[in-house]
Amino acid sequence: MSDRGSMLAQPLRRPSAVRILAHLGLFALGAVVAVAGALMQSAWFPGGLLLALLGAAGTFLGGARATGGRSGAVAGAAGWMISVVLLTASRPEGDFLFAAGSGSYLFLLGGMGVAVICATLALGRQPGAPSVRLGK
């Protein structure tokens with residue numbers, strides 16, 4: 001049995017500069033995917049919506065795999081959600097990017113659902129030593 005204790009009882013490690021840059025890059029990538037998805041879902045309605053949601057899912061899951069934890073999915077999802085919320089606001093001139101249609105609502109709600117699913121399904125931090133496995 002390991003004397004290190006539970007993963008929750010461990011002190012927090014200071015993130016490296018590479019990890020911080022990776023998360024910032026994933027945040028920016030999530031924002032770019034949101035803008036591209038917003039334009040795509042309205043251009044080709046059924047196929048564009050599916051393509052936009054698949055692109056978001058790929059960004060979130062790819063971020064989780066690249067960083068080795070859920071924080072990569074959360075960073076991409078945060079950039080996606082902030083970007084989408086900013087795109088839904090109308091400007092004083094009356095311009096807007098999202099029309100009040102079913103495709104826009106499906107993109108907003110579907111993207112949020114995909115973000116939650118991808119952040120939940122992503123692998124969490126796993127202990128590295130083989131002695132912490134049961135039966136060893």
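The values are calculated or read from the model by the stated rules, or taken from the named source; none is laboratory data. Bear in mind the structure is a predicted one, so any value in this text is a computation, not a measurement. Note: ideal-geometry Cβ built from the backbone for every residue, glycine included; neighbour counts use all protein chains shown.
Here are some notes:
- Count - residues of the stretch 12-61 that are closer than 19 Å to M112 by Cβ and of a type in the set (V, I, T): 4
- Count of residues meeting criterion [of a type in the set (K, R) and on the phi > 0 side of the Ramachandran plot] in the stretch 48-80: 0
- Condition check for L97: modelled with pLDDT under 90 and surrounded by 20 or more Cβ atoms within 10 Å (Cβ to Cβ): no
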